[in-house]
Amino acid sequence: MSNPKKASEQSELFHSSHLMVLITLTLCTALLIGESILMGWELFILPLICVGVIICWVVHFRQDASPVFRVRIYGILMMCTAFFYGIHQTSTFDLAIVMAMLIVLFTTTGMKELITMCQITYYGTMAYNLSVMAYNGESFETLAITRISLHLVLIFVVGWFSKLIIDRWMQVIANSQDEIVQLTEATE
């Protein structure tokens with residue numbers, strides 16, 4: 001027997017994490033638009049990203065889909081935005097910081113697959129950047145190799161810690177629910 005108040009609190013926390021993800025997506029999109037204009041990046045993709053954010057807000061307010069599905073959609077759009085940001089040469093080494101922030105944000109949802117999605121997007125984007133750098137004749141000196149390695153390891157470690165935090169969080173919730181059931185049975 002589960003406690004309705006506890007389930008309501010978990011639902012409220014989960015709902016607030018959805019809102020944090022959506023607000024972060026909106027802010028990241030606004031910053032991306034500004035940087036794209038300032039840096040002279042491709043502008044044709046920006047209206048598509050903006051339409052995606054607007055659709056996310058409409059879906060959020062209408063609550064058309066399940067909460068898990070909505071967060072997955074937000075996550076996919078955020079990965080598209082991060083990929084667009086990361087494929088530009090000026091953002092190659094900034095992407096690790098952005099992805100680490102997104103991994104921490106997605107930790108609040110309790111959904112490990114979003115963290116994995118961040119890691120895959122990051123590694124795919126870096127693979128693309130490294131291939132472009134090699135194609136353009138970039139010399140990979142010791143500093144570049146250690147810098148790239150540090151960023152690759154950083155995303156792995158942040159993702160691993162975040163997944164560990166989610167596992168521990170779920171374990172605490174399960175233990176709390178077991179204790180509530182035991183206390184409820186003892187008081188009946």
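The values are calculated or read from the model by the stated rules, or taken from the named source; none is laboratory data. Not measured: the values here are computed from a predicted model. When we count neighbours, we look across all protein chains shown, and the Cβ atoms used for this are built from the backbone with ideal geometry, even at glycine. Accessible surface areas use protein heavy atoms only, side chains included; no ligands, DNA or RNA. Shrake-Rupley method; radii C 1.70, N 1.55, O 1.52, S 1.80 Å.
At a 1.4 Å probe radius, carbon and sulfur cover how many percent of the accessible area of the chain?
Details: 7650 of 11020 Å².
Answer for the chain: carbon and sulfur cover 69 percent of the accessible area.
Taking only Cα atoms of region 142-188, what ratio of Rg to Rh do you get with Rh as the Kirkwood inverse-distance radius? Please report the intermediate quantities before stating the final value.
Working: Rg = 20.3 Å, Rh = 13.6 Å.
Looking at region 142-188, the ratio lands at 1.50.
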| note | The base-10 log of I(q)/I(0) that the Debye equation returns for the chain at q = 0.11 Å⁻¹, one scatterer per C-alpha, is -0.59
| field | Per residue convex hull volume, Cα atoms of region 91-147, in Å³ | value | 68
| If you line up the long axis of helix 45-62 against the longest principal axis of the chain, both from Cα atoms, how many degrees apart are they, to the nearest 10? | 10
| task | Please give the calculated 222 nm ellipticity per residue for the chain, where each DSSP H segment of at least 4 residues contributes -39500 (n - 2.57) and the sum is spread over every residue; nearest 500 deg cm²/dmol? | result | -29500 deg cm²/dmol
| Percentage of Cα-Cα pair distances in region 104-179 greater than 20 Å, rounded to whole percent? | 47
| message | To test your reading of the geometry: what angle, between 0 and 90 degrees and rounded to tens, separates the Cα axis of helix 67-86 from the longest principal axis of the chain? | response | 20
| message | Per q in 0.13, 0.16, 0.21 Å⁻¹, report the Debye log10 I(q)/I(0) for region 33-123, using one uniform scatterer on each alpha carbon and no solvent. | response | -0.47, -0.70, -1.10
| said: If I fit a long axis through the Cα atoms of helix 142-187 and take the longest principal axis of the Cα atoms of the chain, what angle between them do I get, 0 to 90°, rounded to 10? | reply: 10
| task | Considering Cα pairs under 8 angstrom that are at least six residues apart, work out the relative contact order of region 86-188 and quote it in whole percent. | result | 38
| Given springs between every Cα pair under 10 Å in a Gaussian network model of the chain, which of S139, S162, S131 has the largest fluctuation? | S139
| field | Accessible area expressed per residue, the chain, with surrounding protein chains retained (probe 1.4 Å, Å²) | value | 59
| Using mean Cβ contacts within 10 Å as the protection proxy, how do 52-62, 165-175 order, highest first? | 52-62, 165-175
| message | Sequence gap at least 6, Cα distance under 8 Å: using those rules, report the relative contact order of region 24-91 to the nearest whole percent. | response | 35
| field | Of G86, G34, G110, the one that fluctuates the most in a GNM where the chain has Cα springs shorter than 10 Å | value | G34
